[in-house]
Amino acid sequence: MEKGLLEIRIHGRGGQGAKTASQFIAESALGEGKHIQSFPEYGPERAGAPMKAYARISDKAISNYAPVISPDVVMVIDPTLMVSIDVTEGMSDKGILIVNTPKSADDIRKELKNYKGKLYTVDATKISIDTVGKNLPNTPMLGAFVKLTNAIPLDAVKKSCKDKFLKKLGEEKTNATINGIDMAYEAVK
Amino acid sequence: MSRLKSAKEIPIGGLIDEAGSSRKFKTGDWRSFRPLIEESKCINCMMCDVFCPEHCISVKEDGKRGEIDLDYCKGCGICANVCPVKCIKMEEEAKFIK
Amino acid sequence: MYKDGRGGKVHKMSKTTAMTGAESAAEAMRQINPDVVAAYPITPQTAIAQNFANYVANGIVDTELVRVESEHSAMSCCVGASAAGARVMTATSSAGLALMWEIVGVAAGLRLPIVMEVVNRALSAPINIHCDHSDSMGTRDLGWIQIFSENAQEVYEHTLIAVRLAEKLLIPAMVCQDGFITSHGVENVEIFDDEGVKKFVGEHKYPYGLLDIKKPVTHGPLQLQDYYFETRSQQIPVMEEAKKEFVKIGEELGKITKKKYPLFDEYEMKDAEAVIVVMNSTAGTTKTAIDAMRKEGKKVGLLKLRLFRPFPYKEVSDALKHVKKIAVLDRSVSFGANPPLYSEVKNGLYDVKYTGKLHSCVFGLGGRNIFVEDIIGVFNRLLDGKLKDHDYIGLREE
């Protein structure tokens, strides 16, 4: 990892909000005075099709416009993807892998081959159903991301969330979403 | 024929920057037949002017037909064709050359 | 005071937000507040027209937005409105620009200062929605100014320059950005305050407006063997002026942005033994590669063109003539001929009797990714003398 640069890759399926999650991370970091990038890997966009989104956070201006190939952090929004995709591709031993699953980190590690980096799990799906009543695991995953990376303050993410959702979803649902972020922050291990 | 202008002398984009410049383009020398009007037969209906592609038949202040402007008349013969009383005859232009 | 088109927040001087290239183009259009915009949706341009349509619908701009039935109609509408004296903008990509082609030439021939955002996307077939430069390159000889942009920030600033440049010289201008990579990638964009920008852009005073009844004009008459040649020839010297004006107007914008807008950027060129010439987002990726290689003591540099039309032959050749090894990276091809950017660079180097080694590399067609590692590979092969005269990056040749 280049000093002062954090590269993030998010695995999800079309419609699960991987792109939105990468944008939240980037926008929250921008609010902290960082240079940011956020972009999805575009393709034939179909709900349910595997897709990736990327984010970069840096102290300096970012000029690399290529997709992230050696991520520092990888988030897996949908664990079923791990059957067909090597989500650890390009990660070093210092990498941080965060998986949305009810399983423990030890269980997931057994399913992965040759991954020696850090591994954490959080049941973001359950949290989202408990809080907003729908399977929208992307926002709770942000809580886990903040806790494990310290890349941005929790309040910054919550503020981005509020800015984005308050008008669109109303106060009740926005608060529920933010509550989910808090819960995942506490629950991830 | 007047001298053609250079690239520096003409407006940009091929645009024509004055109104009514088509007056400068005299089409009368295209003519090989000349319309002649038999004044006594003419009923001043002005059909000839309505159909004239050059609009070269004038209308007088009293609303009656005036002269044909031979600077612009191409000799197409449409006026002779549409005249309801057939008072316009197309005569060979060669006859008028002195 | 700054009134943001998105959040309605009031700021002073400038504001840095997270924006895509499409959003920054629409943001420039908001500040320019054109009289007429006519556009037809096409991926990935749609995001520009969509964002701008929001501004129109919300009354943030007073533009007449014309929703046409094709790009051919979009440009036709722009031509009519521009000839009437309006400040006119549009946006397109790929097949849209191809369908527009006939009228793109008309706009230039009639000397109408239309500004068009082009979000670069590959041409069919095979059908593909991703980035390459074959769409813009297909229109390179039609008489438009073409400005290429590395990132969303440059898209914003180049758009402001393009309006001034087009209206000053009465030449249409396109501002190009990489499809998806720039148009849909979110990054830091600094938007300068409305008042300053509006003052910079100024009022469009078109001298031959169709609606000026005191000065009647005819646009687009027939010109045959007698005058066509003269009229067309007028487009040649004025393009030369565009180079000087681009720099001059850029200096004026620089007073607001505190930045420089040269014809091309030179990055680590001073002592460089090997240089890559490239346009748009890949220039950014090349900078990252150079930073990494410089740390290892390798003397590598970049020449990034902003202005492709008019092409600054002399200036580029002067900057490159002492470089021993050059690779020109084209994101398009010219079948049966040299790739466009390589071709121009080579043309210019003839005049300075260049004796170094010049290579052509075609990359990224149809959005094929180009990584920092690829660029480092090109530099290393260039330095080791292993790069072919005509090479490819990221192509499975065998």
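The values are calculated or read from the model by the stated rules, or taken from the named source; none is laboratory data. Because the structure is a prediction, the values reported are computed rather than measured. Neighbour counts run over all protein chains shown; Cβ positions are idealised from the backbone, glycine included. Areas reflect the complete protein model, heavy atoms only, side chains present, ligands, DNA and RNA absent. Shrake-Rupley method; radii C 1.70, N 1.55, O 1.52, S 1.80 Å.
Largest mean-square fluctuation among B:ASP69, B:ASP17, B:ASP29, in a Gaussian network model of chain B whose springs join Cα atoms under 10 Å apart, belongs to B:ASP17. Each residue, A:ALA61 and C:LYS198, gets one label point 7 Å from its Cα in the Cβ direction; the gap between the two is 2.9 nm. Near the amide H of C:MET269, within less than 5 Å, lie the amide hydrogens of C:LEU302, all on another chain or at least 5 residues away, with H placed in the peptide plane.
Approximating the spin labels as points 7 Å out from Cα along Cα→Cβ, the B:LEU4-to-C:VAL352 distance works out to 4.0 nm.
With Rh defined as the Kirkwood radius, the inverse of the mean 1/r over Cα pairs, the Rg/Rh of the stretch C:264-393 is 0.92. Summarising the label geometry, the points placed 7 Å from Cα in the beta-carbon direction at A:ARG46 and C:SER124 lie 1.9 nm from one another. Label reach from B:LYS41 (point 7 Å along Cα→C-beta): in the stretch B:54-98, amide nitrogens under 13 Å belong to B:80-91. The Cα atoms of the stretch C:169-223 define a convex hull whose projected area, averaged across directions, is 7.4 nm². Show log10 I(q)/I(0) for the stretch C:342-382 at q = 0.31, 0.35 Å⁻¹, two decimals, from a solvent-free Debye sum over equal Cα scatterers. Treating every Cα as an identical point scatterer, log10 I(q)/I(0) equals -1.05, -1.15.
Only Cα pairs under 8 Å and 6+ residues apart enter the sum, and on that basis the relative contact order of the stretch A:1-103 stands at 33 percent. Accessible-area loss of 30 Å² or more (1.4 Å probe, protein heavy atoms, chain alone versus all protein chains) is found in the stretch A:36-66 for A:ILE36, A:SER38, A:TYR42, A:SER63, A:ASN64, A:TYR65, A:ALA66. Close amide H partners of C:ASP391, meaning residues 5 or more places away or on another chain with modelled amide H under 5 Å apart, are C:SER360, C:CYS361, C:VAL362. Checking the cross-link pairs A:LYS162/C:LYS258; A:LYS113/A:LYS189; A:LYS3/A:LYS118; A:LYS126/A:LYS147; A:LYS94/A:LYS134 against a 23 Å limit on the alpha carbon distance flags A:LYS162/C:LYS258; A:LYS94/A:LYS134 as lying beyond it. Across peptide C:181-193, the mean count of Cβ atoms from other chains lying within 10 Å of each residue's own Cβ comes to 4. Straight-distance candidates among the lysines for linking to A:LYS167, with alpha-carbon spacing under 16 Å and chain neighbours fewer than 8 residues away dropped: A:LYS158, A:LYS159, C:LYS9.
Normalised by residue count, the stretch A:5-187 yields a Cα convex hull volume of 109 Å³ per residue. Between the alpha-carbon centers of the stretch C:333-356 and the stretch C:134-156, tell me the distance in whole angstrom. Comparing the Cα centres of the stretch C:333-356 and the stretch C:134-156, I get a distance of 19 Å. Taking amide hydrogens as placed 1.01 Å from N in the peptide plane, the amide H of C:GLU117 sits under 5 Å from those of C:THR90, C:ALA91, C:THR92, C:VAL175, each at least 5 positions away in sequence or on another chain. Heavy-atom accessible surface of the protein assembly as shown, averaged per residue, reaches 47 Å², computed with a 1.4 Å probe.
By the Stokes-Einstein formula, at 1.567 mPa s and 4 °C, the stretch C:39-138 with its Kirkwood radius over alpha-carbon pairs has D equal to 94 µm²/s. Helices in chain A, meaning DSSP H runs of at least 4 residues, each add -39500 (n - 2.57). Divided by all residues, the mean residue ellipticity at 222 nm is -12000 deg cm²/dmol.
Give the calculated FRET efficiency between A:THR80 and A:GLU186 to the nearest 0.05, with a Förster radius of 25 Å applied to their Cβ-Cβ distance. Computed FRET efficiency for A:THR80 and A:GLU186: 0.50. In sequence order, the stretch B:56-62 has phi-based couplings of 9, 9, 7, 10, 7, 4, 7 Hz under the Karplus curve 6.51 cos²θ - 1.76 cosθ + 1.60, θ = phi - 60°, and Gly or Pro positions carry x. Determine the calculated [θ] at 222 nm for chain C from helices alone, applying -39500 (n - 2.57) to every DSSP H run no shorter than 4 residues and normalising by the residue count; nearest 500 deg cm²/dmol. For chain C, the value works out to -12500 deg cm²/dmol. Entry note, chain C: relative contact order of 15 percent, from Cα contacts under 8 Å with a spacing of 6+ residues.
Leaving out ligands, DNA and RNA, what percent of the accessible area of the stretch A:105-156 is carbon and sulfur, probe 1.4 Å? For the stretch A:105-156, the apolar C and S fraction of the accessible surface comes to 47 percent.
Picking from C:LYS15, C:LYS214, C:LYS304, which is most flexible by a Gaussian network model of chain C using Cα springs under 10 Å? Its mean-square fluctuation being the largest, the pick is C:LYS214. Can you send over the carbon and sulfur percentage of the accessible area for the stretch C:334-396, probe radius 1.4 Å, protein chains only? Solvent-exposed carbon and sulfur of the stretch C:334-396 make up 50 percent of the total. P(r) tail, chain C: Cα-Cα pairs separated by more than 25 Å, 55% of all pairs. Ranked from largest, the principal axis spans of the Cα set of chain B equal 54, 33, 20 Å.
Interface between chains C and A: roughly 1700 Å² of accessible area buried, both sides summed (probe 1.4 Å, protein heavy atoms only). Please report the carbon-and-sulfur percent of the accessible area for the stretch C:2-257; probe 1.4 Å, protein heavy atoms only, DNA, RNA and ligands left out. The computed percentage sits at 55. The base-10 log of I(q)/I(0) for the stretch C:237-293, evaluated at q = 0.15, 0.18, 0.26, 0.31 Å⁻¹, reads -0.61, -0.80, -1.03, -1.15 [Debye formula, identical scatterers on Cα atoms, solvent excluded].
Treating each Cα of the stretch C:293-335 as one equal point scatterer and applying the Debye formula with no solvent, the log10 of I(q)/I(0) at q = 0.17, 0.19, 0.32, 0.33 Å⁻¹ comes out as -0.65, -0.78, -1.24, -1.25.
Shown for the protein assembly as shown is the translational diffusion coefficient from the Stokes-Einstein equation, using the Kirkwood radius over Cα pairs, a temperature of 4 °C and a viscosity of 1.567 mPa s: 45 µm²/s. Put simply, chains B and C cover up around 1300 Å² of each other's accessible surface, both sides summed, when a 1.4 Å probe is used.
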